[in-house]
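To start, the structure under review is shown below, and the notes come after it.
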Amino acid sequence: MPIISKRLQAAANLLTKCKSVADIGTDHALLPIHLVREGIAKKVIACDIAKGPLDVARANVTRFGLDDKIELRLANGLDGLAPNECNQITILGMGGETIADIIGAADWVRDKNVTLILQPMSCDDRLREYLITVGFEIITEVAVSSQGRVYTVIKANFSGDRKTYGKEFKYIGKLPQSNSDEAKAFIKRRLNSMKKCMAEIENIERKKALYDELKAATKTIEKLI
Ligand SMILES: C[S@@+](CC[C@H](N)C(=O)[O-])C[C@H]1O[C@@H](n2cnc3c(N)ncnc32)[C@H](O)[C@@H]1O
């Protein structure tokens, strides 16, 4: 019986087997427990900014007898890790802007050997924009339908190249390449929200640049679906 949601499973699927993974904002520590039980990671460093979630995490880790494999740390973002302590890092279930802030506060993750698995609950466009602006590359992106919502999960590495992307990229990333029903559902929902936003700002002069960007991006997205 799996102990994790399809959303967390989708993130786990993007990891490769390794010695240690860091899970930032671990909350209940269900992902770390799954990673160790499935042999994906020998050890997990599970961090959270708040004591309450870590207490729940500790109870769960003990219940599964994994106290020697999952280390719990009270820390803001990546502050609790030494540089290069883990080369695969998951940051899941937070807003896209919070995830970008966490990445931005730790220079050492700008390393091609560090892989980030990111799952924004909101503002995925801001997160993609941040990643590509500072030189991360989105390696792959999958959509997953879980508990009545469709989420995107992003795998990214630092490359240092600030590539040029089409105007649509920050809104839908690499989801068109995955060609799944979930990705199509995510893209459709995004297209609807972009059109709604366009209707709201159409006559606002100071929002013209955003309107033009949305117009160009929606045109491209419509051709892709
Ligand atoms: C909604 S839960 C997500 C839990 C789990 N990652 C998941 O996806 O199911 C968000 C967790 O992130 C933690 N959190 C929020 N901001 C954080 C930060 N800056 N650093 C570390 N943890 C943070 C919260 O305390 C909370 O436990």
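The values are calculated or read from the model by the stated rules, or taken from the named source; none is laboratory data. In this text, all values refer to a predicted model and were calculated from it rather than measured experimentally. Counting neighbours? That spans all protein chains shown, and the Cβs are built from the backbone with ideal geometry, glycine included. Accessible surface is based on the protein model in full, side chains and every heavy atom, while ligands, DNA and RNA are left aside. Shrake-Rupley method; radii C 1.70, N 1.55, O 1.52, S 1.80 Å.
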Return the residue satisfying two criteria in turn: it lies in the stretch 36-73 and is in a helix (DSSP H, G or I), open to solvent by 80 Å² or more (accessible area, probe 1.4 Å) and touching a residue at least 12 places away in the same chain (Cβ under 8 Å), and of such residues it is nearest to VAL21 (Cα to Cα).
ARG37
Can you tell me how many residues within the stretch 85-116 are within 11 Å of the ligand (Cβ to nearest atom), touching a residue at least 40 places away in the same chain (Cβ under 8 Å) and not in a helix (DSSP H, G or I)?
5
Taking the stretch 30-56 on its own, how many of its residues are near the ligand (Cβ under 10 Å from one of its atoms) and more than 18 Å from ILE102 (Cβ to Cβ)?
4
Can you pull out every residue in the stretch 25-35 that is in contact (Cβ under 8 Å) with a residue 60 or more places away in the chain and out of contact with any Ser or Thr (no Cβ under 7 Å at 6 or more places or on another chain)?
GLY25, ASP27
Across the stretch 15-24, which residue is farthest from ILE91 (Cα to Cα) among those that are buried (at least 21 other Cβ atoms within 10 Å of the Cβ) and of a type outside the set (Val, Ile, Thr)?
ALA22
Within the stretch 127-146, can you find the residues that are out of contact with any Ser or Thr (no Cβ under 6 Å at 6 or more places or on another chain) and open to solvent by 40 Å² or more (accessible area, probe 1.4 Å)?
GLU129, TYR130, THR133, ILE139, THR140, SER145
